[in-house]
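The values are calculated or read from the model by the stated rules, or taken from the named source; none is laboratory data. Since the model is a prediction, treat every value here as computed from it, not as a measurement. Here the Cβ is made from the backbone with ideal geometry for all residues, glycine too, and neighbour counts use every protein chain on show.
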């Protein structure tokens with residue numbers, strides 16, 4: 001140790017403190033950034049940035065040793081934080097908001113763990129300035145395994161916090177996220193780099209004061225960590241709503257197109273029936289059967305008492321006929337007229353599309369059956385679809401997931417249904433009985449508009 005002290009100079013302890021702060025902070029940030037896309041030559045970038053960060057931290061330690069003013073210390077830690085931001089942006093491909101969020105979350109994680117371990121020492125009556133042990137009061141009796149315990153505790157705590165608070169996707173840029181991230185970043189810089197540096201000046205006054213300052217630091221950084229998680233969650237919800245809005249616009253355009261097509265088909269079927277009656281005696285039985293089958297195929301009118309629903313069900317009925325699927329609808333659609341045309345198309349279209357996808361995979365033709373039931377009980381309304389399936393459910397965070405290749409579009413089918421149902425105080429439930437799958441939507445009694 002004396003040789004190292006002589007080689008690196010008297011500033012080695014200040015430099016070592018800043019180097020460890022940089023290394024551990026960047027490790028925490030990397031845990032939060034693991035979902036981000038890596039830039040080209042990722043590992044080369046990482047190596048160079050590590051070396052530059054260590055050299056910079058050592059130089060900052062030398063400066064602070066020679067000019068031990070509190071404002072110099074604040075500037076040194078601000079420089080480390082700024083470099084961590086540059087480090088992360090230089091190694092990961094993401095927008096500035098996403099990088100700032102993982103830097104804030106990683107920095108807060110480091111600070112929580114960095115203060116938690118010495119606070120535990122203080123609670124056990126041990127001065128953290130003298131040793132890293134949880135048992136022995138000074139370095140003279142320190143055992144090697146206690147170093148292992150010290151680092152295992154820190155790394156395990158880093159991993160645990162990152163597991164619970166790290167985002168599961170990229171941050172999508174929008175005005176609310178930009179504002180929240182900017183405010184959170186400023187708050188983090190002020191509290192972590194300024195208040196905590198100032199707090200260290202008074203930690204040596206007494207054990208009680210030191211414990212209070214550590215507890216305050218943990219509380220502040222835990223709050224920053226929770227705020228980061230809140231911004232991640234809010235951004236995800238905002239993005240989902242943007243996607244849902246786009247899909248609903250597409251559904252509206254598609255509904256208008258389907259309605260126009262169904263109107264044209266109905267007119268043609270009406271004309272064909274008149275023509276069929278005029279030429280019925282001039283065709284043989286085989287030709288009559290073929291023509292009758294063609295008319296029946298396109299004349300798939302379903303009358304539920306709800307014109308919008310009839311259009312949707314007619315379209316899906318044709319889809320089922322085309323794929324050899326038996327589709328049955330039971331009940332009246334009139335009570336569901338409180339739904340807007342787009343909501344009706346979205347709910348029933350997604351319900352039947354999901355059921356069609358499930359039964360198409362089945363090799364047994366007799367199980368290619370879909371039933372749609374519309375019920376009204378005491379003012380409460382229920383929509384239920386039932387169909388056979390292959391016995392394997394795909395889930396994502398306790399919700400049904402899609403197996404369709406068009407994930408961007410169809411992954412939001414169930415979410416759309418859940419959102420629309422919630423607007424009317426409704427709920428969406430699923431159930432499985434052997435190889436039968438049931439999806440039901442329950443609406444409480446609706447007040448008249």
Residue among 318, 313, 309 that is surrounded by 16 or more Cβ atoms within 10 Å (Cβ to Cβ) and at pLDDT below 80: 318
Given (1) under 25 Å from residue 217 (Cα atoms); (2) at pLDDT 85 or above; (3) surrounded by fewer than 21 Cβ atoms within 10 Å (Cβ to Cβ), number of the condition residue 50 does not satisfy: (1)
Residue within the range 400-423 that is modelled with pLDDT of 90 or more and in a strand (DSSP E or B) present: no
Search result, residues across the range 169-181 that are part of a helix (DSSP H, G or I) and touching a residue at least 60 places away in the same chain (Cβ under 8 Å): 176, 177, 178, 181
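Would you confirm, using the coordinates I've provided, whether residue 131 is touching a helix residue (DSSP H, G or I) at 6+ places or on another chain (Cβ under 9 Å) and free of Cβ contacts under 8 Å to residues at least 60 places away in the same chain?
Answer is yes for this residue.
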Restricting the range 36-49 to residues that are in contact (Cβ under 8 Å) with a residue 12 or more places away in the chain and in a helix (DSSP H, G or I), the residue that is nearest to residue 22 (Cα to Cα): 49
Residue count for the range 82-96, restricted to those that are in contact with a helix residue (DSSP H, G or I) (Cβ under 7 Å, 6 or more places away or on another chain) and surrounded by fewer than 21 Cβ atoms within 10 Å (Cβ to Cβ): 4
Residues of the range 359-373 that turn out to be closer than 25 Å to residue 420 by Cβ and surrounded by 21 or more Cβ atoms within 10 Å (Cβ to Cβ), as a count: 3
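Just to confirm my filter: which strands (runs of 3 or more DSSP E) fall fully inside the range 324-397 and include at least 3 residues that are closer than 19 Å to residue 429 by Cα and within 32 Å of the chain's Cα centre (by Cα)?
Details: elements: 326-330, 369-377, 380-388.
So the answer is 380-388.
Every residue in the range 17-35 that is in a helix (DSSP H, G or I) and modelled with pLDDT under 85, please. Talk me through it step by step, then tell me what you get.
First, pick out the residues of the range 17-35 that are in a helix (DSSP H, G or I): 17-32.
Of everything in the range 17-35, just one residue is in a helix (DSSP H, G or I) and modelled with pLDDT under 85, namely 17.
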Some residue of the range 113-127 being modelled with pLDDT of 90 or more and under 18 Å from residue 34 (Cβ atoms): yes
